[in-house]
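Enquirer: Quick one: this structure, given as structure tokens, is what I'll be asking you about.
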Amino acid sequence: MIARWTSTILAAACLLAAPVLAADLRPGTAGEGNFRVNVAASGGPSELPDRIGPVSRIKDIATLLTARDNQLIGYGLVIGLQGSGDGLRNSPFTEQSIRAMLQNLGIAMEGGQARAKNVAAVIVTANLPPFVQSGARIDVSVSSLGDASSLQGGTLVMTPLRAPDGEIYAVAQGPVFVSGFSVQGQAETLTKGVPTSGRIPSGAIVERQVDARFNDDTVLTMQLRNPDFSTTIRVTDTINAYTQSRFGKRTAAEQDSRTILINRPTEVSAARFVAELENLLVETDTPARVVVDERTGTIVIGQDVKISQVAVSHGQLTVRITEQPQIVQPAPFSDGVTAEEPSTTIDAQQAGGQVAMLEGPDLQTLVSGLNRIGVKPDGIIAILQGIKSAGALQAELVLQ
């Protein structure tokens, strides 16, 4: 059915990734066969210190590797634009696509030249969720490929969406919703957002489903979104405590700071077993970390960040150079000429410079100390870098 449909749509199709085997589109199969995890080798419950931290559900901090998304991509045309489409001289592939589409629709353009400005070539992308069935709808993103100024008011023509294995898994079509706009006059242009990119909610119909054998997996692989050994151990102990009371056996074993392997009991389905585990509550733990984005001046300080007692002095030196050239006229009845005499004024000012004691045994004290110094975010960034170099910052400093 897909082959018959795609013969009547665009002849040009874009595939950016190299072809791979169709098996790469299957969900993870780490638990196939009779492979079992040696839970006994992982030892008994850990003796981690009690921590008063945030409590989260397992579903919020971890994901299953037995199910994953698959990326789809396609090349298509957006029509119905109000003169904001591709310039066919600068985007020759748009004209070629128009010719191919019309020929597939039975309209010959021999010797003619398209000069339409209401068509734009676009790249269509989508994520194929796991366990999706044929006939389901998914959202797609549409982005201009040529020099179109806006996709506002356009409609995407039927476009096949391919996976890295080269097969068509969905077909997209529908009106494009653009949040940005662009208005241009003779002397001024106003642009808000990105008018050359938009979305089509539920704009693609799945035509081929990915084979999923989730209920056949005997071993489930769970990975934390934020790797941490303490959190991994706590998740493992929580799962084992639950399965010990529920099924009479421990089923989970930690593998590293991110991965947990879980033996699925045979008396319960995989979906029901995961539904029971993902609602268990676990105290999460994170390393002490300070994240600094120098471009935007954003500073994020983790809960466990501490600073040893240090003395901080921060001052800003401002140098202002002003050029005030003067025009000098020659004396009357002389042979002189009018000249420009340079005049420069230099003013230097230094603000701040006070010395303050800074110590942060907890997050609230640290933030209060930084605010007490009275510097702007760029100054706080410089202070944190200096404290890190002095060895007084008991945390990881991440610069973005």
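Enquirer: Surrounded by fewer than 17 Cβ atoms within 10 Å (Cβ to Cβ), at pLDDT below 90, over 30 Å from Glu95 (Cβ atoms) and under 25 Å from the mean Cα position of the chain (by Cα): is that true of Phe181 in this structure?
Expert: Criteria not met by Phe181.
Enquirer: Still on this structure, please answer the following. Which members of the range 205-238 meet the condition of being in contact with a Phe, Trp or Tyr (Cβ under 9 Å, 6 or more places away or on another chain), hydrophobic (A, V, I, L, M, F, W, C) and over 16 Å from Arg264 (Cα atoms)?
Expert: Scanning the range 205-238 gives Val206, Val210, Ala212.
Enquirer: Scan (1) within 16 Å of Val157 (Cβ to Cβ); (2) among the aliphatic types (A, V, I, L, M); (3) surrounded by fewer than 15 Cβ atoms within 10 Å (Cβ to Cβ) for the single condition Ala108 breaks and write down its number.
Expert: Condition not satisfied by Ala108: (1).
Enquirer: Among the strands (runs of 3 or more DSSP E) contained in the range 169-277, which hold 1 or more residues that are basic (Lys, Arg)?
Expert: Passing ranges, in order: 189-192, 197-206.
Enquirer: Got a sec? Which strands (runs of 3 or more DSSP E) wholly within the range 284-400 have at least 3 residues that are under 30 Å from Asp60 (Cβ atoms) and either touching a helix residue (DSSP H, G or I) at 6+ places or on another chain (Cβ under 9 Å) or modelled with pLDDT of 80 or more (or both)?
Expert: So the answer is 289-293, 298-301, 396-399.
Enquirer: Here's another thing I want to ask about it. Do we have Ile262 as in contact with a helix residue (DSSP H, G or I) (Cβ under 7 Å, 6 or more places away or on another chain) and of a type outside the set (Lys, Arg) here?
Expert: Answer is yes for this residue.
Enquirer: Gly198 - would you say it is small (Gly, Ala, Ser), in contact with a Phe, Trp or Tyr (Cβ under 9 Å, 6 or more places away or on another chain) and crowded, with 22+ Cβ neighbours inside 10 Å?
Expert: Yes; evaluated as a whole, the condition is true for this residue.
The values are calculated or read from the model by the stated rules, or taken from the named source; none is laboratory data. Being a predicted model, the structure only gives us computed values, none of them experimental. Using ideal geometry, Cβ is built from the backbone for each residue, glycine included, and neighbour counts are taken over all protein chains shown.
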